[in-house]
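What follows is calculated from the coordinates using simple rules that are stated; it is not laboratory data. The shown structure was predicted, so the numbers you read here are calculated from the model rather than taken from an experiment. In this analysis, Cβ positions are derived from the backbone assuming ideal geometry, glycine residues included, and neighbour counts consider all displayed protein chains.
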There are 2 protein chains.
Amino acid sequence: MEQTFTYERLLSFTEKIFQKIGCPAKDALTAATALLSADLRGVDSHGVARLIGYVRLWEAKRANTKPAIRIIHETISTAVVDGDSGLGLVVAPYSMQVAIDKAKVAGTGWVSVQHSNHFGIAGYYALKAVEQDMIGIVMTNASPLVAPTFSVERLLGTNPICVAFPAGEEPPFVADLATTTAANGKLEILQRKSQQAPAGWIQDKKGNISTNPHELKDGGALLPLGGDREHGSHKGYALGAIVDIFSAVLSGANYGPWVPPFPAFMSMPDEMPGKGIGHFFGAMRIDAFREAAEFRLHMDKWIRRFRSAEPIQGQERVLIPGDPEREIQAIRLEKGIPLLHAVVEDLEFLGEKFDVVL
Amino acid sequence: MEQTFTYERLLSFTEKIFQKIGCPAKDALTAATALLSADLRGVDSHGVARLIGYVRLWEAKRANTKPAIRIIHETISTAVVDGDSGLGLVVAPYSMQVAIDKAKVAGTGWVSVQHSNHFGIAGYYALKAVEQDMIGIVMTNASPLVAPTFSVERLLGTNPICVAFPAGEEPPFVADLATTTAANGKLEILQRKSQQAPAGWIQDKKGNISTNPHELKDGGALLPLGGDREHGSHKGYALGAIVDIFSAVLSGANYGPWVPPFPAFMSMPDEMPGKGIGHFFGAMRIDAFREAAEFRLHMDKWIRRFRSAEPIQGQERVLIPGDPEREIQAIRLEKGIPLLHAVVEDLEFLGEKFDVVL
């Protein structure tokens, strides 16, 4: 049920589709590159599988493909960016660049973003800072699927946090994590296979523990990292809340239950308190703290010590955050990106609609 | 088995003990206030119960009560502080003040600290920023008790993250969380009561799941937030690692398995790559992003929406991070701080030794 495509083929197709819906050529390439980075890194749920979703947002006039993205407030180390309802895939690269430019001058740069849309995967933008010998920090809020500890209601998105550190000879450390027990993409896999979910991933509409992966369609919720109170779900809830506040309360975007949904067919929340969805970007120059060469040396030592830790029986090795994604990327650049049949059908549909050859 | 003391009495006693071990008067008050903030906020494991531990660190010449704390590297928004082996309870307030002062000028301030010792609770320092209409961020590393996902070895401390946001009419949002499933203090309670721990808190020396709270004394380990791989322990591991790197790799402190232990009787690790333990402090001026009054308005709205969420059956309400600690503080300021008999004995021992009346 899978078909494999080269990265170049999918990138070129995606770029053309973005052009067809009105993106200037430069933005189309930027957006396609950001989107495809998810497929390369193995985060299939956030990659080209969502292309049709972005197109539908544009059709519903909820995404602006010719946005006038601009800074609406700033200091030497901070800025708030208004994304003008642009694709997150275009607003996010702009905003991370502002953070990097601020860091060049002030040591660190911090950008909170309002009036944006979904941006794909956080890790891609954090690595932009790493390329400049900076620490990269990325957050975004998302539409509410997660119930805070003790809540029946869904009030938070899966709100990821990414922090990436450059190293020396070792590849960078890249932690990119949803603040839930399990990502929604994993649930979708169980749904397709009609398998049960482990306890601690979801609750039903009354807040009872459930193992039915279809529960979310019936008023259920994803659970914060930790799963239940006894295992620290109040910490996962707090982390998701922190992401929400940095991304949206600080920028003037929508937060909590008012974050607009990604699927264009879903109606917008009532009485929204802000504009669009929110992101947060940070860039920190290593040499604003210590000599970069020295830092890299110690990062290598850190990484090697952890990677060489004695593994528990039945496990091959201890991983460094970013290892799995980097390894998948190497394989997919060489052997291609496998897409599910349903995703290929969506792309073919888009190809016919916009007269673009897949 | 408990005895209750007024806050003022414990503060005055602690201040005098710090003076007796050589702290200048100002530092003694600073350290005592920081330490007692843990007792006030209900984090009993990190408060006056540890006073004897700090004294022993001084006796072992591992804590310097007359440190020359100084900035060794800086930019307009960043600094690295050398704590000169001072008490963390003195080094941390100094460093958070540097972050706040930087934020006044540059919008944000970021301080990584080397050559320090344990600092009590993170929340106390984050609230110093909140008092100045700033977001406060605090991290610290700690001696290794936590096994990364799939590791038999203990390589990380409980490495807490605190983020505090000011609000308007509502009290501040204060998330202060160890990056483990359960704090070590909770395990100590189970040890005293000879009760089993829930699965997901600890592993034994071979990395098997264990419910024996004494496992840590026999080569076992605390588990990262998430508990096991299926429930996202790789995320808790990543968060603990991020804290370690910000606090120590960025500053030149010791990291991972090389972080010195708090108990003075434990020997120091071999071939330590840095100086002392490390902390990390951030302060972000709200009005570097948007008008502070506007932010406060939306924080209040955020807090009220979450606090009024429909609770699951059997639970009274959904909490906001910081609610429990603030409520305990109000009670303890009025009714006093209960101390376990063993803690009172330690304090009496110190009182006799240094001729200070408890």
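From most to least packed by mean Cβ count within 10 Å, the peptides B:9-18, B:153-162, A:123-132 give B:153-162, A:123-132, B:9-18.
Only the Cβ atoms of Lys and Arg (+1) and of Asp and Glu (-1) were treated as charged; on that basis the dipole of the protein assembly as shown about its Cα centre amounts to roughly 280 debye.
Farthest toward the positive end of the dipole of chain A, out of A:11, A:260, A:203, is the Cα of A:260, where the dipole comes from beta carbon charges about the Cα centre. Debye-formula intensities of region B:208-358, expressed as log10 I(q)/I(0) at q = 0.10, 0.14, 0.20 Å⁻¹, are -0.76, -1.35, -1.24 (one equal scatterer per alpha-carbon, no solvent). Label points for residue A:335 are taken 7 Å from Cα along Cα→Cβ. From this copy to the others they lie 6.3 nm apart, shortest first. Shielding by partners for peptide A:253-263, expressed as the average number of C-beta atoms from other protein chains within 10 Å of each residue's C-beta, is 2. Averaged over the residues of peptide B:236-248, the number of Cβ atoms from other protein chains lying within 10 Å of each residue's Cβ is 6. Bridgeable lysines around residue B:206 (alpha carbons under 20 Å apart, same-chain partners fewer than 8 residues away excluded): B:217. Summing Cβ point charges (Lys, Arg +1; Asp, Glu -1) relative to the Cα centre of region A:182-222 gives a dipole of roughly 80 debye.
Counting neighbouring beta carbons within 10 Å and listing from fewest to most, the residues A:214, B:341 come out as B:341, A:214.
Pairs over the 24 Å Cα-Cα cut-off, from the set A:301/B:275; A:66/A:275; A:66/A:186; A:104/B:128; A:26/A:353: A:66/A:186; A:104/B:128. Couplings for region A:159-167, taken from phi via the Karplus curve 6.51 cos²θ - 1.76 cosθ + 1.60 with θ = phi - 60°, read 4, x, 10, 10, 10, 10, 10, x, 10 Hz in order; Gly and Pro are left as x.
When peptides A:281-288, A:185-192 are ranked by their average number of other Cβ atoms within 10 Å per residue, the highest-first order is A:281-288, A:185-192. Once both labels are positioned 7 Å from their Cα atoms along Cα-to-Cβ, the gap between residue B:340 and residue A:1 label points is 5.4 nm. From its DSSP helices (H runs of at least four residues, each -39,500 (n - 2.57)), chain A gives a residue-normalised ellipticity at 222 nm of -11500 deg cm²/dmol.
Chain B holds its axis-closest Cβ, relative to the rotation onto A, at the residue and whole-Å distance B:77, 2.
Residue by residue along B:295-306, Cβ atoms of other protein chains within 10 Å of the local Cβ number 5 on average. Placing a label point 7 Å from the Cα of residue B:105 along the Cα-to-Cβ direction, the distances to the matching points in the other copies come to 1.6 nm, shortest first.
Across region A:247-255, rounded Karplus estimates of 3J(HN,Hα) from the backbone phi angles (6.51 cos²θ - 1.76 cosθ + 1.60, θ = phi - 60°) give 7, 10, 5, 6, 9, x, 8, 7, 9 Hz, Gly and Pro being marked x. Placing +1 on the Cβ of every Lys and Arg and -1 on the Cβ of every Asp and Glu, with nothing else charged, gives region A:268-337 a dipole about its Cα centre of roughly 280 debye.
At 15 angstrom or more along the helix axis (alpha-carbon based) and mean Kyte-Doolittle of -0.5 or higher, what helices does chain A contain? Whole DSSP H runs only.
Qualifying helices, which must be both long enough and hydrophobic enough, are A:25-40, A:88-106, A:233-244, A:341-354.
Label chain A by shape, choosing from rounded, prolate and oblate, from the square roots a ≥ b ≥ c of the eigenvalues of the Cα gyration tensor; if a/c is under 1.5 it is rounded, and otherwise prolate applies when a/b is larger than b/c, oblate when it is not. Since a/c stays below 1.5, the shape of chain A is classed as rounded.
Note on residue A:355 and residue A:267: with the Förster distance fixed at 25 Å, the Cβ-Cβ geometry gives a FRET efficiency of about 0.20.
Based on the Cβ-Cβ distance of residue A:212 and residue A:317, what FRET efficiency does E = 1/(1 + (r/R0)^6) give at R0 = 45 Å, to the nearest 0.05? The computed FRET efficiency comes out at 0.85. Each other copy holds its own label point for residue B:212; taking that point as 7 Å from Cα along Cα to Cβ, the gaps run 4.1 nm, nearest first.
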